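The values are calculated or read from the model by the stated rules, or taken from the named source; none is laboratory data. Bear in mind that the values here come from a model prediction, so they are computed numbers and not experimental data. In this analysis, Cβ positions are derived from the backbone assuming ideal geometry, glycine residues included, and neighbour counts consider all displayed protein chains. Ligands, DNA and RNA are excluded from the accessible area calculation, which covers all protein heavy atoms including side chains. Shrake-Rupley method; radii C 1.70, N 1.55, O 1.52, S 1.80 Å.
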Amino acid sequence: MPELPEVQALADFLAQRTDGLVVTGVELGSFHVLKTFTPPPDALVGAPVDGVSRHGKFLDLDCGGTHLVFHLARAGWLRWSDAMPATVLRPGKSPIALRVRFDDASGFDLTEAGTQKRLAAYVVNRVEDVPGIVSLGPDPLADEFTQEVFAGILAEHRMQVKGLLRDQSIIAGVGNAYSDEVLHVAKLSPFAIAAKLDAEQVTRLYTALRETLAHAVATASGKPAKELKDAKRAGMRVHGRTGETCPECGDVVREVSFADSSLQYCATCQTGGKPLADRRTSKFLK
Ligand SMILES: [Zn+2]
């Protein structure tokens, strides 16, 4: 799933590629992808792209005051083409959910792999009309997101830091991958309770959050859309690396699995050497 750094890079990429272009077509490959009824997608046609921005993990194309907003969800992606195929996309079983064309024959497809269709698009007059955007917490890279603000957020929540970092209504843009990375850098257990962190742990977590995201944004920025997924994977220290070696200490990267996700961590770096309980694998570790 693309998170803040990849979505920011996609926004920058689109802003650069669509500068001065006019939308000439919006086609739906799936009726389910569009979550709004008015204005219709055709309201975008003929409009210039005035800007591209990011809100959490949402991308927002401002087309003459009408916004095309989308969220790529877990398996969605954006595929840019300098020369789009002439064939008109029609709703059916295509992995292409939405196609946008511009007046220089370029455009992009939003694609979604797998059977769980979660990719969501919205055509709205105000971005605040997208429910997932109006409920977003603060952006962790914003200037206003100071250590004091973050400490206040942590103190208010008696919940595990892993869940807090991923909760879009608390902090916008961080998902499963970067929360693993941030906690590894901060040397904190994913199950530590946010409200119970001491001042020194709060400082470590704040620094890890800001630096990890800023570094990932810098790495992703300027890369074409098609390279971002591999670049994200390559930059991970522990996320998605179960069984590999921790780059900090040489211990093995461990995993805790849940019904529909898993987290990765290093016991030596993060949990005082004690592996976290994991229902699925504990029987094999005896
Ligand atoms: Zn380690």
Cα pairs beyond 15 Å in segment 43-148, in percent, come to 68
Reachable lysines from Lys187, Cα under 29 Å, same-chain residues fewer than 8 places away excluded? Lys57, Lys162, Lys196, Lys229, Lys232, Lys274, Lys283, Lys286
Over all directions, segment 24-93 yields a Cα convex hull whose mean projected area in nm² is 5.6
Diffing segment 19-35: the Karplus 3J(HN,Hα) column from phi (6.51, -1.76, 1.60, θ = phi - 60°), in whole Hz with x for Gly and Pro, holds 4, x, 8, 10, 6, 10, x, 10, 10, 9, x, 8, 5, 5, 5, 8, 9
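Taking the alpha carbon gyration tensor of the chain, what are the square roots of 5 times its eigenvalues, largest first, to the nearest whole Å? Write down the numbers at each step before the final one.
On the way: eigenvalues 273, 84, 56 Å².
They are 37, 20, 17 Å, listed largest first.
Per 0.36 nm of contour for each residue apart, how much would the distance between Arg90 and Asp129 grow if the chain were fully extended, relative to their Cα-Cα spacing? Display every interim value, and only then the final one.
Working: separation 39, 0.36 × 39 = 14.04 nm, distance 2.68 nm.
Residue separation times 0.36 nm, minus the Cα-Cα distance, leaves 11.4 nm.
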Anyone know which of Phe70, Phe145, Phe37 comes out most mobile in the 10 Å Cα GNM of the chain? Phe37
Show me the chymotrypsin sites (Phe, Trp or Tyr not before Pro) within segment 181-266 that DSSP assigns to loop and that have at most 14 other Cβ atoms within 10 Å of their Cβ. Phe258
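Given DSSP loops and a limit of at most 15 other Cβ atoms within 10 Å, what is the longest stretch of the chain that contains no such GluC sites (Glu not before Pro)? Can you show the working numbers first?
Working: sites that count: Glu144, Glu244, Glu248.
Looking at the chain, 1-143 is the longest stretch - no exposed GluC sites (Glu not before Pro) with at most 15 other Cβ atoms within 10 Å.
Give the carbon-plus-sulfur fraction of the accessible surface of the chain in %, rounded to a whole number; probe 1.4 Å, heavy atoms of protein chains only. Mind dumping the intermediate values first?
Numbers: 7250 of 13670 Å².
With neighbouring chains kept in place, the figure for the chain is 53 percent.
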What whole-number distance in Å separates the alpha-carbon centres of segment 129-155 and segment 74-107? 33
Non-local amide H neighbours of Lys57 (under 5 Å, H modeled in plane, Pro and chain starts lacking H): which ones? Gly173
Whole-percent pair-distance distribution, where bins are 10 Å wide, for the alpha carbons of segment 168-286: 12, 42, 35, 10, 1
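Estimate the FRET efficiency between Asp167 and Gln16 by the formula 1/(1 + (r/R0)^6), using the beta-carbon distance for r and 41 Å for R0, to the nearest 0.05.
On the way: r = 32 Å, r/R0 = 0.77.
So, using R0 = 41 Å, E works out to roughly 0.85.
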Explain nothing, just compute: Karplus ³J(HN,Hα) = 6.51 cos²θ - 1.76 cosθ + 1.60, θ = phi - 60°, for every residue of segment 135-147 in order, whole Hz, x for Gly and Pro. 8, 5, x, x, 7, x, 9, 5, 4, 6, 7, 7, 4
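Run through segment 71-120 and list the chymotrypsin sites (Phe, Trp or Tyr not before Pro) located in a DSSP loop whose Cβ has at most 11 other Cβ atoms within 10 Å. Provide the component values of the computation, followed by the final result.
On the way: sites: Trp77, Trp80, Phe102, Phe108; in loops: none.
Answer in residue order: no site qualifies.
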